[in-house]
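Notes for the one structure printed next.
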Amino acid sequence: MKKRRTNEDRQPPLFWGLTPNQLVGHNLWQARSERGWTQAEAAEALEPHLGVRWTVAQVSAAERSIDGTRIRQFTADDIVAFAQAFELPVTYFFLPTNPHATWTKVEPDTSIGQLNRTMAVMIDLIFGDANTGAPLVSSRLHDVMSQMDPELFSDAQRRIFGLARQRLLAVVGRAVGSFGDWQKSLRSMADDLAELSADAAEVVARSLPEVSEADVAALLAGEAAK
């Protein structure tokens with residue numbers, strides 16, 4: 001008999017219940033908002049890259065895909081044109097939204113753990129997981145860049161390394177926290193160990209009159225040095 005899934009087992013659907021096309025539409029709106037452009041200005045910026053002039057109504061309809069009434073089916077050409085027009089990487093248009101936004105379909109009782117696991121899957125889909133995706137992308141980039149003009153290669157390499165460094169620092173920061181916090185924790189541990197050592201020396205000295213606290217302290221210090 002198949003085991004019934006609990007609420008904790010259930011995972012929020014990828015993209016917080018939105019389709020990938022809805023997510024692209026939302027991020028198109030996000031990119032336009034960050035630029036401070038009107039829909040008419042966005043249509044003008046997109047024209048050289050799309051090859052056609054979108055009307056304001058078309059821009060509005062594309063952004064409203066997140067509502068779910070009429071979802072625009074974006075093509076790869078569309079998304080590349082968005083990246084060029086807004087001077088953003090293609091990955092920007094697949095970045096997840098706020099899981100608690102009114103348009104998402106995440107159940108109210110979804111736990112933080114469930115959200116984090118789903119977010120991890122989404123990020124791996126965008127940037128590649130450490131075991132397979134990222135190494136394969138790195139290998140492909142190496143093959144492509146080896147055919148590039150040296151000047152272009154240098155510029156591309158700096159950008160790629162910069163992005164990789166930012167992601168690595170973010171991962172490390174979340175994993176270990178700030179070094180200042182670690183230093184405080186280690187100092188506190190050292191103080192606690194010193195106090196424990198002194199207490200142990202006192203207990204042993206009381207139990208064994210022929211052994212002084214100084215003898216025990218010296219023994220403990222010697223063992224710690226090893």
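The values are calculated or read from the model by the stated rules, or taken from the named source; none is laboratory data. Predicted model, so just to flag it, every value in this text is computed and none were measured. Glycine also receives a Cβ, built like all others from the backbone with ideal geometry; neighbour counts cover every protein chain displayed. Accessible surface areas use protein heavy atoms only, side chains included; no ligands, DNA or RNA. Shrake-Rupley method; radii C 1.70, N 1.55, O 1.52, S 1.80 Å.
Here are the numbers for this structure:
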read-out	value
Candidate set: segment 16-54, residues that are at pLDDT 95 or above and of a type in the set (F, W, Y); chosen: the one surrounded by the most Cβ atoms within 10 Å (Cβ to Cβ)	W54
Flag for F93 being closer than 18 Å to L18 by Cα and either touching a His at 6+ places or on another chain (Cβ under 6 Å) or open to solvent by less than 30 Å² (accessible area, probe 1.4 Å) (or both)	yes
Pairs with Cβ under 7 Å, 6+ apart, first in segment 55-76 and loosely packed, with under 13 Cβ neighbours inside 10 Å, second of a type in the set (G, A, S)	T55/A43; R70/A61
